[in-house]
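Quick notes on the structure that follows.
The values are calculated or read from the model by the stated rules, or taken from the named source; none is laboratory data. The shown structure was predicted, so the numbers you read here are calculated from the model rather than taken from an experiment. Here the Cβ positions follow ideal geometry from the backbone for every residue, glycine too, while neighbour counts run over all protein chains shown.
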């Protein structure tokens, strides 16, 4: 390439795109990794934590779909400027959050930045490498699991070395954001492939909205993204509640996915993109069902291995299929697919999994043992509080006791533990347990942890059957393609 070519800097633009995706994936890793800490510090239910984790996904759709539509008008460079600001602002909002709503809003702003990265960088990669779209999209998307590995290992090391707290982990997002801002925001960007080919805005809209294949892919994208991202969001919290190193399992999953994406070219050449999606849907659905029985670390790693093998190619291959089979849909088509994936995974799947987890958690609580330890809290926490000199700490201990009393009163009245209060009252009692109540705290944790783990694993089982829909769709397309090739 000559120095005058608008593609002379394509390696630098591609590198910057990779760092922007690392910022996106570090968001995913650290928000997922601090869900347990947020639950304990702010006394949140699984549903509330699911809403925060979901906002970190579905906010993606608010930005990627309209910005995908306007990508050619606004410009890919301006989109990345906006993404850069969102990554900085969202991290700071979460770091200084005082409760659920600030955490929710911070996660949402981060997600807006993540969606903007995809709105800009997917068409950028397709434009820079028109001769190998699906392969380079897979290489670009290596850095989604790759960034999760980086973020996951750093946060695990911080825990192991007892460095910082969950706010320091959120601050990690700022590092790759500054790097991609420095790499890309002074560079010259090419026009998108759609503009270069002379396809009009109206032609792009028609290609997306009037294609039955595109709408089928659109629906399947919501399902396949949910199969990959919904469970991935919950892996650390679910396994850690069962006494397993959840963040390490997540790092293992995403690291394996990153390695496998490096071999996207040979795999796609052998199976075809449609064949890859058929294989991926089958393996992912089966592995999620297996993961729901992961009561030991060996089963967790074994099922995680097959989950990584199944899910590793899903997102970039779906984008690649649309770009190759419906190229006229341009940045709009890519944005709509990405937006649909994150919208369903974030706004529906992640909160739904939290709701399912809360239901099964409650059903798994041993009633007699739970009532017994809650009565100990009610009887002994006021005694412990009387010996505390700091008024704030005394109020927190008595507040935990008040929540437990409400649960016990409901139990006496109805004969059953209240579904929406019991687990949170136990978390509050654990978080605010004074030093003298160590044995009570350990008993509470010993009851709540296994139930929390069971509820989370059942949410994996709840999601798994949705794989049947993409399996049926891609099997039909695969057979039609084979028949078309076989015709003389």
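What do you reckon, is residue 91 touching a helix residue (DSSP H, G or I) at 6+ places or on another chain (Cβ under 6 Å), buried (at least 18 other Cβ atoms within 10 Å of the Cβ) and at negative phi? Even if it seems obvious, please write down each step before you answer.
Numbers: touching a helix residue (DSSP H, G or I) at 6+ places or on another chain (Cβ under 6 Å): yes; buried (at least 18 other Cβ atoms within 10 Å of the Cβ): yes; at negative phi: yes.
The answer is yes for residue 91.
Which one of 43, 65 is more than 17 Å from the chain's Cα centre (by Cα) and not in a helix (DSSP H, G or I)?
On the way: 65 fails: not in a helix (DSSP H, G or I).
Criteria check complete, one pass: 43.
Residue by residue, here is whether (1) closer than 21 Å to residue 442 by Cα; (2) buried (at least 16 other Cβ atoms within 10 Å of the Cβ) holds:
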{"residue": "294", "(1), (2)": "no, yes"}
{"residue": "316", "(1), (2)": "no, yes"}
{"residue": "351", "(1), (2)": "no, yes"}
{"residue": "356", "(1), (2)": "no, yes"}
{"residue": "365", "(1), (2)": "yes, yes"}
{"residue": "372", "(1), (2)": "yes, no"}
{"residue": "383", "(1), (2)": "yes, no"}
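Suppose the filter is without any contact (Cβ under 8 Å) to a residue 24 or more places away in the chain and more than 21 Å from residue 274 (Cα to Cα); does residue 199 pass it? Walk me through how you get there before you give the answer.
On the way: without any contact (Cβ under 8 Å) to a residue 24 or more places away in the chain: no; more than 21 Å from residue 274 (Cα to Cα): yes.
No; evaluated as a whole, the condition is false for this residue.
Among the residues in the range 50-61, are any farther than 22 Å from residue 241 by Cβ, touching a helix residue (DSSP H, G or I) at 6+ places or on another chain (Cβ under 6 Å) and at pLDDT 85 or above? Outline the logic, then answer.
Taking the range 50-61 as the starting set, the residues that turn out to be farther than 22 Å from residue 241 by Cβ are 58-61.
Still in the running and touching a helix residue (DSSP H, G or I) at 6+ places or on another chain (Cβ under 6 Å): 58-61.
Checking which are at pLDDT 85 or above leaves us with none.
No; the residues of the range 50-61 include none that is farther than 22 Å from residue 241 by Cβ, touching a helix residue (DSSP H, G or I) at 6+ places or on another chain (Cβ under 6 Å) and at pLDDT 85 or above.
Here is a list: 480, 448. Which entry is modelled with pLDDT of 90 or more and surrounded by 20 or more Cβ atoms within 10 Å (Cβ to Cβ)?
Details: 480 fails: surrounded by 20 or more Cβ atoms within 10 Å (Cβ to Cβ).
Checking each option against the conditions leaves just 448.
Looking at 468, 440, 447, which one is within 23 Å of residue 227 (Cβ to Cβ), touching a residue at least 12 places away in the same chain (Cβ under 8 Å), out of contact with any strand residue (DSSP E or B) (no Cβ under 6 Å at 6 or more places or on another chain) and assigned to a helix (DSSP H, G or I)?
On the way: 440 fails: within 23 Å of residue 227 (Cβ to Cβ); 447 fails: within 23 Å of residue 227 (Cβ to Cβ).
Answer to the check: 468.
Just one of 407, 388 is farther than 17 Å from residue 439 by Cβ and part of a loop (DSSP other than H, G, I, E, B); which is it? Write out each step before concluding.
Values: 407 fails: part of a loop (DSSP other than H, G, I, E, B).
Result of the check over 407, 388: 388.
For the range 35-46, how many residues meet the condition of being closer than 17 Å to residue 231 by Cβ and surrounded by fewer than 22 Cβ atoms within 10 Å (Cβ to Cβ)? Walk me through how you get there before you give the answer.
So in the range 35-46, the residues closer than 17 Å to residue 231 by Cβ come out as 35-36, 46.
Those still in the list that are surrounded by fewer than 22 Cβ atoms within 10 Å (Cβ to Cβ) too: 36.
Adding up the residues that qualify gives 1.
Output the residues belonging to the range 113-142 that are surrounded by fewer than 24 Cβ atoms within 10 Å (Cβ to Cβ) and within 15 Å of the chain's Cα centre (by Cα).
Scanning the range 113-142 gives no hits.
Out of 158, 204, which single residue is under 26 Å from the mean Cα position of the chain (by Cα), more than 19 Å from residue 315 (Cα to Cα) and buried (at least 17 other Cβ atoms within 10 Å of the Cβ)?
Only one candidate passes the filter, namely 158.
To keep it simple, each residue is scored yes or no on (1) free of Cβ contacts under 8 Å to residues at least 12 places away in the same chain; (2) farther than 30 Å from residue 284 by Cβ; (3) touching a strand residue (DSSP E or B) at 6+ places or on another chain (Cβ under 9 Å); (4) surrounded by 14 or more Cβ atoms within 10 Å (Cβ to Cβ).
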residue: 376; (1), (2), (3), (4): no, yes, no, yes
residue: 405; (1), (2), (3), (4): no, yes, no, yes
residue: 456; (1), (2), (3), (4): no, no, no, yes
residue: 463; (1), (2), (3), (4): no, no, no, yes
residue: 485; (1), (2), (3), (4): yes, no, no, no
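Looking at the range 316-327 only, could you name the residues that are assigned to a helix (DSSP H, G or I) and modelled with pLDDT of 90 or more? Steps first, answer last, please.
So the first thing to find is which residues in the range 316-327 are assigned to a helix (DSSP H, G or I), and the list is 316-325, 327.
317, 318, 321, 322, 325 - these are the residues of the range 316-327 that are assigned to a helix (DSSP H, G or I) and modelled with pLDDT of 90 or more.
Filter the range 36-49 down to residues that are within 14 Å of residue 354 (Cβ to Cβ) and at pLDDT 80 or above, then give me how many there are.
5
Residue 311 is checked against (1) at pLDDT 90 or above; (2) out of contact with any helix residue (DSSP H, G or I) (no Cβ under 6 Å at 6 or more places or on another chain) and fails just one. What number does that condition carry?
Answer for residue 311: the failing condition is (2).
For the range 407-425, check the following and say yes or no: at least one residue is in contact with a helix residue (DSSP H, G or I) (Cβ under 8 Å, 6 or more places away or on another chain) and farther than 16 Å from residue 371 by Cα.
no
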